[in-house]
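As structure tokens, the structure follows; a few thoughts come after it.
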Amino acid sequence: MRTPFELVIAGGRVALPGGIHAAPPLNIGIRGGKIAAVTLDPIDGEETIDAAGNWIIPGLVDEHFHVFCGYGCETWANATTAAAKGGVTTVAKMPLDKPATVSGNELAQSIARAGEEAVVDHVFWGGVDPTNFGGLAEQAALGVAGYKLFIEGAAPPGMYPTCNAAQMLDAFKRIAALKSTAIVHAENGLIADLCTEQLRSQGVTRPDAWSDARPPIAELEGIARTILLAEAVNCRTIVAHVSVPRALEMIAEARASGVRISAETCPQYLLLSRDHLRKDKRLKWNPPCRTREEVEGMWELLRKGLIGAIASDHGPLPKDESADIWDISAGVGNMAEIMLSLMLSEGIFKREIGISLLVEKMSAQPARNLGLYPRKGAICVGADADLVIVDMDQAKAIRGTDLCYTAGHWSAFDGWDVHAVPITTILRGKIVAQDGDLVAEPGYGMKVDRVGQEDGGLAGF
């Protein structure tokens, strides 16, 4: 006689793959860390969680996540605790450490550190050093999901190598030969530098000058270059943190013509405009806040399917409020902990966007981009039991002082009211966060590799 399931989540509304959300309550049976049953029928478990009245969604897969190891402002343990509390069960770590992760040796150190500290599962983006492309194969051997590139001048000086057009084309060729993926910070840094120099020489220090210093044309030129180079060598490419509607349209046009390219955006580009930046210089990131009209245009194109994935760009660098807009550090702060609440609250309650679309963009498609679907990002038999129980009736205000930080508590969304709160986060069948508290021990998170198909199991490229 078959033993009961190890864990049963009973009676919740379930966001299923393919845009289906179950109106009648379903029961999910978990065995061996995997989903073993999704059924209307009653099932027994050694432990049962009553999810009646709540939604059950797949754990979020955050494809754009920074830890900034070596900068003294974040740790794997703290960053992944934030993720677990926010319903994120898998993170894809960016290589912007100190030193930048651009070789096999540096990547191996990052993998070891994560193995000791991480609370949630994780994959790694490799780094690109145009002076030593041998690092690409070294990192491939350690199982990277792909490689991060910055267009010439777009990265802060000394923080990460950048590529001119020729180097970028060479990198794309090599990444395509490895059957891997490039993820590109596509801003023309030379345009941004010129605009910045002109504004600073005029003595401009108002906070929203940052939006003028990195205008949409810098992003659009960078994306146009990325499209052309990716097309030339058939390199699978993600454009990171797209901030303007015209950029999404350019990427969609390229996709329609056969270019293997996809767009990622982040909550800040759907929720905050330069009007917010005008009042708070801490709201500085790259690309910057755009106009309210452009923010609304991003939502319209999300509805139309032009956005592939929504990621956090989690990066909790501290903000020195005594610095002016030119010298204060860039970064959105702790976004992994609040992304789910923000997107569901804004999307479902304010804009009447179905939960299925939001789950697709924050779970399923990022998992595909990383080559992890359907092991991750889906509620189906055989998938990892990565699940989030969300209370859609719980109202709370986001407070920066309540969020996970190792230095400088703050939030770009301090005081924002949300109406969708992750109350239980389950990773591979084990509760890792409950009612805002961490339950799992550091080191429970494990490194996961993309599936074994030749193309990495990616879809949508």
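The values are calculated or read from the model by the stated rules, or taken from the named source; none is laboratory data. Source: prediction; values computed, not measured. Positions of Cβ are generated from backbone atoms using ideal geometry, with glycine treated the same way; all protein chains shown enter the neighbour counts. We work out accessible area using only protein heavy atoms, side chains counted, and drop any ligands, DNA or RNA first. Shrake-Rupley method; radii C 1.70, N 1.55, O 1.52, S 1.80 Å.
Tally up the residues in segment 108-166 that are of a type in the set (Asp, Glu), open to solvent by less than 50 Å² (accessible area, probe 1.4 Å) and assigned to a loop (DSSP other than H, G, I, E, B), please.
Total meeting the criteria: 1.
Yes or no: residue 177 over 30 Å from residue 86 (Cβ atoms) and either in contact (Cβ under 8 Å) with a residue 60 or more places away in the chain or open to solvent by less than 10 Å² (accessible area, probe 1.4 Å) (or both)? Lay out the reasoning, then the answer.
Numbers: over 30 Å from residue 86 (Cβ atoms): yes; either in contact (Cβ under 8 Å) with a residue 60 or more places away in the chain or open to solvent by less than 10 Å² (accessible area, probe 1.4 Å) (or both): no.
For residue 177, the condition - over 30 Å from residue 86 (Cβ atoms) and either in contact (Cβ under 8 Å) with a residue 60 or more places away in the chain or open to solvent by less than 10 Å² (accessible area, probe 1.4 Å) (or both) - is not met.
Residue under question is residue 80, and the condition is that it be assigned to a helix (DSSP H, G or I) and buried (at least 24 other Cβ atoms within 10 Å of the Cβ); does it hold?
Values: assigned to a helix (DSSP H, G or I): yes; buried (at least 24 other Cβ atoms within 10 Å of the Cβ): yes.
Considered against the rule, which asks whether it is assigned to a helix (DSSP H, G or I) and buried (at least 24 other Cβ atoms within 10 Å of the Cβ), residue 80 comes out as yes.
Among (1) in contact with a Ser or Thr (Cβ under 9 Å, 6 or more places away or on another chain); (2) under 22 Å from residue 250 (Cα atoms); (3) open to solvent by less than 40 Å² (accessible area, probe 1.4 Å), there is one condition residue 317 misses while meeting the rest; what is its number?
So residue 317 meets the others, but not (2).
Would you point out which residue out of 181, 162 is within 24 Å of the chain's Cα centre (by Cα) and over 16 Å from residue 101 (Cα atoms)?
On the way: 162 fails: over 16 Å from residue 101 (Cα atoms).
Matching residue, one of 181, 162: 181.
Tell me which residues, restricted to segment 83-107, are open to solvent by 10 Å² or more (accessible area, probe 1.4 Å), closer than 25 Å to residue 128 by Cβ and in contact with a Pro (Cβ under 8 Å, 6 or more places away or on another chain).
100, 102, 106
Given the criteria in contact with a Phe, Trp or Tyr (Cβ under 9 Å, 6 or more places away or on another chain), free of Cβ contacts under 8 Å to residues at least 60 places away in the same chain and at negative phi, does residue 220 qualify?
On the way: in contact with a Phe, Trp or Tyr (Cβ under 9 Å, 6 or more places away or on another chain): no; free of Cβ contacts under 8 Å to residues at least 60 places away in the same chain: yes; at negative phi: yes.
So residue 220 does not fit the description; no.
Quick one: would you say residue 67 is open to solvent by less than 60 Å² (accessible area, probe 1.4 Å) and closer than 26 Å to residue 387 by Cβ? Walk me through it before giving the result.
Details: open to solvent by less than 60 Å² (accessible area, probe 1.4 Å): yes; closer than 26 Å to residue 387 by Cβ: yes.
Criteria met by residue 67.
Looking at 327, 275, which one is open to solvent by 10 Å² or more (accessible area, probe 1.4 Å) and part of a loop (DSSP other than H, G, I, E, B)? If you could, list the steps in order and put the result at the bottom.
Details: 275 fails: part of a loop (DSSP other than H, G, I, E, B).
Criteria check complete, one pass: 327.
Which residues, taken from segment 375-417, are β-branched (Val, Ile, Thr) and in contact (Cβ under 8 Å) with a residue 24 or more places away in the chain?
Step one: list which residues in segment 375-417 are β-branched (Val, Ile, Thr), which gives 379, 381, 388-390, 398, 401, 406.
Across segment 375-417, the qualifying residues are 379, 381, 388, 389, 390, 398, 406.
Does segment 287-305 hold any residues that are crowded, with 21+ Cβ neighbours inside 10 Å and assigned to a loop (DSSP other than H, G, I, E, B), and which are they?
Of everything in segment 287-305, those that are crowded, with 21+ Cβ neighbours inside 10 Å and assigned to a loop (DSSP other than H, G, I, E, B) turn out to be 287, 288, 289.
Looking for something among the aromatic types (Phe, Trp, Tyr) and part of a loop (DSSP other than H, G, I, E, B) - is there at least one such residue anywhere in segment 48-70? Give the steps one after another, and end with the answer.
So the first thing to find is which residues in segment 48-70 are among the aromatic types (Phe, Trp, Tyr), and the list is 55, 65, 68.
Now drop any that are not part of a loop (DSSP other than H, G, I, E, B), which leaves 68.
The answer is yes; a qualifying residue exists.
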